[in-house]
Every structure is written in C-alpha cells, then in structure tokens.
Amino acid sequence: MNSSRTKLTWLLIAIVGALTVCPVVMLVLGSFSEGLTAFGHFTVDKYVAAYTDPGFYEVMVNTGIFVLASSLLSTLLAIFLAYLNTRTDIPFKFLFKIISIIPMMIPHLLFAVSWALLLNPSNGLINLGLKEAFGLDSAPLNIYSMWGMILVEGLLDLPIAYLIIAPAMASFDVALEESSRVCGAGTWRTLLRITLPVLRPAILAAFILGVVRSLASFAVPSVIGMPGRVHVLATYLYEMIATGFATDYGKAAAVGMSVLVASVTLIVVYRALTAESEKFVTISSRGFRPSVIELGTARMPLFGLVGLLSLVLIVLPVAVLMYTSLVPYSMVPSAKAFSMMSLKHWSDVLNDPISLLSLKNSLFLAVVGATLGVILSVFVAYVIVKVKTRAAGILESLSYLSFSFPGIVIGVGFMWFFVQTPLYATIWALLLGYIATYLPYGIRPMSSAFIQIHSHLEESSLVCGASPLTTMRRIIVPLLIPGIVSGWILMASMFVRELTLSVVLSRPGTEVLAVQILRFSEDGLWGKLSALGIVMILISTTLVVMATLVGNRFKAVQG
Amino acid sequence: MEIRIRGVSKYYYSEGKTIKALDDVNLTIPSNKIFTLLGPSGSGKTTLLRCIVGLETPDAGEICIGDDVVWSKDKNISVPPEKRGLGMVFQTYAIWPHMNVFDNVAYPLQVRNMPKDEIRQRVAETLRFVQMEGFERRPATKLSGGQQQRVALARALVAEPRVILFDEPLSNLDAKLREETRKELRAFLGKLQITAVYVTHDRVEALALSDSIAVMRAGQIVEIGTPQKIYFDADHRFVADFIGRANLVKATVIAEKGGCTVVDCGLGRIVCQHRDIPVGSEATLCIRPEFIRIVSGAAPAAGNLAACNSVEGRIESLVFVGEVYEVEIGVGDEHLLARIDPDAKLKEGDSVSFTLDPAHCLLVAI
C-alpha cells in the first residue's frame, strides 16, 4: 500500500514536473539560443539585443504605468464596493454577487472588443453619437490609448480583487472599530486609521494579484493598445513572434524571462500575504455581525453608481456585441439601424470554414482537455491531501507553480519545446499547454472534495462489511463526483476562451475561437467578430451556470 | 463473543525513532460485557481497538474473536475488516453525507445482498431500538450531533455483529448531551447480549459505563478490574492517580496487624487496607479527598484510635466550589486535599482533626 502510494507520488511529480518545469527550462535555454532552428548553440546575443533595444525602455515604462494604474483602479473600486456591500445598508445587495461572477461569463477579449466598439475614434458608437449630438468634426474620445487600456483592464480585474477583499471585510471584528469610535474618532477617521490598516494584507494581496494578471494580460493590450501604438511587454513579445517576417523566438524568450521572474516573485509574495491575511481574519472573527452603517441621503446615489458599474460590466458588452452582429456596419442605434438588421454576419461566420474549424478545435480542446486535466487533478489532489510525505509537498508546490505563469511567455517556452517534437503545429501541443497552465484550477476543487472525505467514512464502510471495491463505488466516488464535475466545467470554460497561450501555439489548421476573434478584430471585421463572440459567450455561460448549479448541490451535500 | 489478544505489538517509525504504540499486549475481553480501554492520549487504546477491527495491522502477536483467528503473525492469517463481522461507532460518527438515514443504516445489509423487504424491516426495527423512528428519509447532513450518534449506533448494530466497538463516541458531544447519551448507551447495551469494547480517556465515562475497565499506559495494559476495584482498590499508583483525584503520600510498611497493614508516613502511623507488601518496604498511601472526615469537637475515644486513624492538621486554604468546600489541609510537610460539607464552620488557619477509615487507605506500589 505504502510503496504503491510512493510510486504514484513520484510518477505524478514526473508528469506535473514535465508539464510545468519543461516550458520554463526551455524558455531559459531558448533565451540563450540563436534561433528556433539553431537550438543548442548557446549565446548571450539575444539578451544583449533585447535589453539594449531603445524601444524596449518605452515598453517597460508603458508596462509599468499600465500594470500599476489598472491594479490601483481595480483595488480602489473593489474596496469601495466591498465596503458598501458588507458594511452599509445599500439596497439590492445581490448585484454585488453578480459583479463578482460575470468575468467568468464574458471572456476578457470580448469585453475589450465591446469597449473598442463603443469608444474607438473612427466609428465607436458613443463617439458617433456624440459627434451627431454636438456637431463635432472629430471623435471626442479615443479608447486606443493608455487611459483606455487602464480603464478596461481595471474593470476586468475588479471582480477578482473584490473576491479577495470582500470576505476579509465581512469577517472584520467590529469591536476594533467601535473602540475607535468610543475613543472619539469619527467614521472617516476610523475608516482611515483602523479599518483599512487592519485590512492591509487583503488589500495588498488583491493589488498584487491585479499586477500579476495585468502583466500577463494580452486581450486588452492587443485589442486596445496595439491600434493606438501603445505597446506593453505582452504585445511587444507578440509582435516579435507573430507579426512580420523576422520572428525572433530567442529575443522573445530573453524578454519573457524578466516577465516570468517578476510574475513568480509576485505570486510568492501574494501567497505569503494571503496566509497572513487569513491569520488576521481568524484572530479577529468572533461571530459578530458587523454593524451596518446607515447611508441616509447618500443611499440612492451610491446605489446608482453600483447599478451603473454592473450595467457597464455586464449588460453593455453583451448588448453591444449583439447589436453589432446584426447591423451591416457601425451606426448609432436608430430606426434606420433597426430596419437594416439582418443575420448576414451570422450566416457569414457559420459558413466561414476557418471560424467553424476554430469552433470545432475549441470544443475539442475544452472536452478532451478538461477530461484529461480533471483525471490528472484527481490523482494530484489525492496525493496532496491523503499522502502527507515530503514528496507530496514537492508535488503541491509544483502543481501551483503554473498559477503564476503569464500565458504568452509560457507559450514561448512551449514553442521552444514543441519545435523539437512532432507535436509542433498540432492540436495536441495546445492541449498539453492548456493542461499545464490551468492545472491549478482543476486541482483546487478536487482537493476540497478530498478534504471532505474523512478517512473514517472510508473505514466505517469496510467495518460494515463492504469490500474495498464496493467502498470505492458506493462511498468515495459519489462523494467526489461534485468536485469532479465542477472541476471539469471550470477547466472547460477556461479552455473555450483561452487566448494568451493560443496566440503563440496556434498555427494554420489549429485555430481556436479566441485567436479567430482576435484575427477579426485586427482586420476590423466587427460584425463577424460579434457573431462568433456571442457563440463563445453562450458556450462559456452555459458551462458557468452548470458549474454554479453543481457547486450549489455540492454545498448542500456538505451541509 | 470473547476476544483474545496475545502478544500484540505495533510500532511506528518517525524521525528515525521507534515508537511502541502497543507493547506486547495480552488481554482477554469477556463476552457479553461492556469492556473499556481507558488511558491518557497516546496510550495506545485507539490503536488496540483499530487492530481488533482490522484497520491497523499489528507487527507481532495474535488476535482471536470467538473461535476465529482474525490476525496472526506466526500463522500468517490476516482477515480484512469487512470479513470480521464487527460493528463500530467512530469518533466522528462517519455518517455518509450523500445518503439519508435509511441508506446509512441499511448499508451493512445491502452489502450482504439481503432481500429488500428484510432490509426494510430490520432497519425499521433498529431505528426503533435507538429511538430514531420516522427519520428514515432525513438527509444525513440534517442531523444533530446526538442524532448522528444514534444513527451510527444503529448502523453498527443492524447486521447483528458479534462485537461492537466504540472509539470515543461521546467526545464530540457537549457536556450535557454527553451525560444523557452515556446513560442511554448503557441502557441500549444492557438490553443486548453483545460484547462491547469501548475506548475513552474520560474516567467518569469509563466508570459509569463499564462492566470492566483496562487502564493503559504507553502501549501496555497496567491494570484490569471492575470500576469499583479500579477506583477503590487499584494496585498501581498510576491507576489510582488517573482514575480520580487522590492524595498520594510516601509511606513505609512497619507491621501487619489484625488483617490490616500498618505504615509510617508524613501523617504519622496509619492503619491501611491489607496488602501483601513485606514489612520495611516502601509504598504509596493513596487517600481519596472524599474519604477525609473532619472531626468536630472532642477527639474520639482512645479505644477507637487505631481503627480511626485520627490526624491533626491545619487548614491552609478553603475554596467554595458549589456542592462542597475543597480544603487543603497541611500535616507536617504533607498537603492533603479534602472535600467537606459546605456548612462546616471553618476558616483558613484553623486547626482541625480528621479521621481516615482504614478501608479507604489504599497502599499502592511506588
């Protein structure tokens, strides 16, 4: 029993290690190589070339501004929303739950595209409307700029920041605030001197996660940054490997190294902070309900603000895409526009062989990838939870490593690897890359499912006279199924919309949905893009709704 | 069904050291009695229980249940837990959360492929026995702690096992419920002709429930006896100290007189219950606090002196704990804890005299 467990542990370490460490090693080796075809001749030329390029510093500055400002925006908004939800009498609190779930439904790429459709300077709907209304000659607003990128990325990272800050705020011990009030400090002073400092670990964690995510973000920089010639590291890398004739994977690897190092470092800091933040929470939570602050006359205006935010985050992107998929060209909604609506873009897309191929590929990757990913996750989670040896600890660290991988950089690493193998330019390359990068999302629901299965549940079945096989069939598997299903759906919905890794690994014949949508965006084919985007949102939403339903049943079982 | 355990040892290896969880345990658990394994945590009592049920594999020895050898190192016999036909109530109850009460209780019968009608009838009977009628359709997650405990008991009993084992089944209940459940459990088991092995670290639970108690320490069985024997008449100092509060005083045996053993100690010359300890050797005198009797007024008649073990002391502290005063009495260098009537008019610093009934002056090995 013990020796088979040890064997299983080491086998999994080998598999997960190959999946997560291999692209990193290949990235390092690649950054010292002369080119994809000349692997093995080592040189530092690529580093010299990459880091002495005069354009590089502008990119670095842009990246810094973009990453810090968008994380700041999402964190501040998250604090504001979390405070309103947990501590005030604002009405319709269910809206906050919706705000925290939607990013799962609307892929980042489409969110960015919908803003471009609204605010681009040539035919953005809001710009067209403003021009008509005020008789302007040129568009007043331009999303293709640094502020546009910051705004959209900030909104995209808002839900994750909210999910970190809101629970910390909800479990905040209100006595800390009350004693400050008794000492003579007002509401504002208490907020600034007591509440926010105590929540500092959670707030910092949310900020750092925002930095990591925006550093890895490719959808916003490519859709909004590139048309405005505002380059950040992700798009800079993308141009190096995907556009023009002189693709340079060596230089891309050299640049990618610094992104990877920054990202891994930040994730280490993040995990330390969340551990500390949980300590804060456990010390202070004593089951008190935080007292509710009455907003008074500010109640309705503040609610209006929250309503506007949820409108902007949820309704607008879908509505804009739907509208654009039906009208022949960009025009302000009017009687004329509605009379010209047709399903032309839809039939174009559904008859476009490449779009259909990408749909087929994405569905294949979602179904097969999620199935394989979940099977691997079941074994990894079993070892992490039930086998408590040092080797199991190594496996846990390995399996969470990919949590910090910026997709496009790790894609470059995989590229270096796959070029050496017959897998290059096949759908299997994408499949392996997806599983490696998104493994933590499969492992997490599985581990919580395993933690739920106390060893006594298994043992009591044996004592009752059931054989190990019957125990497996009647006790263990039924208890695991909710975790397996929700893990599968989570992975599948991520694979359907995967963009950052795919833009590097996808080749003619292995297009996927997100890459195809990006192509449409680069060519300005907004109508087709919107139609295909709605299809993607439909698949994604169906999966997320299923995941929520299964999750609810899971909670019911846990009681 | 009698359980015989012969020379069972179990070792754990951790950080290069060998820990003897069970150290050559020899024990016969009589049939149709409630037998308790009592000991501090880490004494090996749960390990022994898990060896009996088959969830742990011993490193040496032999275990027989009735006439069947279920485990033997030498004969290379190892019957898996599902083939031993036992019932067990786990500390966590291990009620399967994805099943309702009926399925939880029916499970042992279902895995034995019993006809459906018979299963339904026996589950209903068993649930009636544990007073859980009408709960069949209740999901397992909607049960209170006490109800879970009853369902776990029903599940352990439904297949009419030869032996039922309990692993600290009351430790997850709150104090009041624990007391009620303990009484109920005693009543349930009293109605059945079944061998019950019960593991606990709670001495009150052990005393109240058991027909027989085995006290364990460091993987070994120190002493076996009825609750009265263990409480009043323990042979070992560890047992006397563990089973209840005790004043332990170093003593030297000086004589055998009239069916009593006489010792010299810090309290003076004390007449004790008879023990076969050679004159001149060292022993420990053990006196339970409730058997120290304060004598008010005149000293007892001189003729009774030897029988009454009269001692003079001084009250050092006095704590009111509700039903009694807990009093510390200083006698020379010794300090004795006594429990006395709350209406006694005593205060700190008072001189008192008290008597010790020889029947309750217990001599135990050092």
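For chain B, the equivalent ellipsoid derived from the Cα gyration tensor has semi-axes of 47, 26, 17 Å, listed largest first.
GNM remark for chain B: springs join alpha carbons under 10 Å apart, and the peak mean-square fluctuation among B:118, B:312, B:290 falls on B:118.
Per-residue shielding of B:152-159, expressed as the average number of other chain Cβ atoms within 10 Å of the residue Cβ, stands at 1.
Working note: Cα atoms of segment A:56-340, range along each principal axis, descending, whole Å: 64, 54, 30. If you find the alpha carbon centre of segment A:396-424 and of segment A:325-363, how far apart are they in angstrom? Segment A:396-424 and segment A:325-363 have Cα centres separated by 35 Å. Bridgeable aspartates and glutamates around residue B:229 (alpha carbons under 18 Å apart, same-chain partners fewer than 8 residues away excluded): B:202, B:205, B:211, B:241, B:276, B:290, B:357. Computed from phi, the 3J(HN,Hα) profile of segment B:11-18 under the Karplus parametrisation 6.51, -1.76, 1.60 (θ = phi - 60°) reads 10, 10, 10, 9, 6, x, 9, 9 Hz, with x in place of Gly and Pro. For segment A:65-159, state what percent of all Cα-Cα pairs lands in each successive 10 Å bin, counting from 0 Å until the bin that includes the largest distance. Computed distribution, short to long bins: 15, 34, 31, 18, 2. Peptide packing for B:324-337, B:191-204, B:7-20 was compared via the average number of neighbouring C-beta atoms within 10 Å per residue; ordered from the highest value, the list is B:191-204, B:324-337, B:7-20. Decide, for the protein assembly as shown, between rounded, prolate and oblate: order the square roots of the alpha carbon gyration tensor eigenvalues as a ≥ b ≥ c, take rounded if a/c falls under 1.5, and otherwise choose prolate if a/b is larger than b/c, else oblate. The shape class here is prolate. Neighbouring Cβ atoms from other chains, within 10 Å of the Cβ of residues in A:469-481, number 2 on average. For the cross-link pairs B:142/B:176; A:7/A:386; A:7/A:388, the ones whose C-alpha atoms lie over 18 Å apart are B:142/B:176.
Could you rank the peptides A:16-25, A:71-80 by their average count of other C-beta atoms within 10 Å per residue, with the highest value first?
Order by mean packing, descending: A:71-80, A:16-25.
Diffusion coefficient (Stokes-Einstein, Kirkwood radius over C-alpha pairs, 4 °C, 1.567 mPa s) for segment B:60-168: 87 µm²/s, rounded to a whole number.
Angle of helix B:101-110 to the longest C-alpha principal axis of chain B, folded into 0 to 90 degrees and rounded to 10: 70°. In summary, the lysines within cross-link reach of residue B:45, defined as a Cα separation below 17 angstrom excluding same-chain residues under 8 places away, comprise B:10, B:20. Ellipticity at 222 nm from helices only: DSSP H runs of n ≥ 4 in chain B, each -39500 (n - 2.57), divided by the residue count, give -7000 deg cm²/dmol.
Per-residue 3J(HN,Hα) values for segment B:195-211, derived from phi via the Karplus relation 6.51 cos²θ - 1.76 cosθ + 1.60 with θ = phi - 60°, read 7, 10, 10, 10, 9, 7, 10, 9, 5, 5, 4, 4, 5, 6, 9, 8, 8 Hz in sequence order (x marks Gly and Pro). Every Cα-Cα pair of segment A:117-268 was included, and the share exceeding 18 Å stands at 71 percent.
Result for chain B in a Gaussian network model with C-alpha springs under 10 Å: among B:259, B:190, B:39, the largest mean-square fluctuation is at B:259. Normalising the Debye intensity of segment B:245-364 to I(0), with uniform scatterers on Cα atoms only, and taking log10 at q = 0.18, 0.22 Å⁻¹ returns -0.91, -1.26.
Placing a label point 7 Å from the Cα of residue A:247 along the Cα-to-Cβ line, the residues of segment A:196-221 whose backbone N sits under 20 Å from it are A:218-219. Listed by chain and number, the lysines whose alpha-carbon sits under 29 Å from that of residue A:131, ignoring those within fewer than 8 places in the same chain, are A:336, A:344, A:528.
Residues in segment B:54-71 carry Karplus couplings, in order, of x, 7, 10, 9, x, 9, 7, x, 8, 10, 10, 10, x, 9, 9, 7, 9, 8 Hz; the curve used is 6.51 cos²θ - 1.76 cosθ + 1.60 with θ = phi - 60°, and Gly or Pro positions show x.
Values quoted throughout were computed directly from the atomic coordinates according to the rules given, and no laboratory measurement underlies them. Quick caveat: nothing in here was measured; it's all calculated off a predicted structure. Cβ sites come from the backbone with ideal geometry, for glycine too, and all protein chains shown count toward neighbours.
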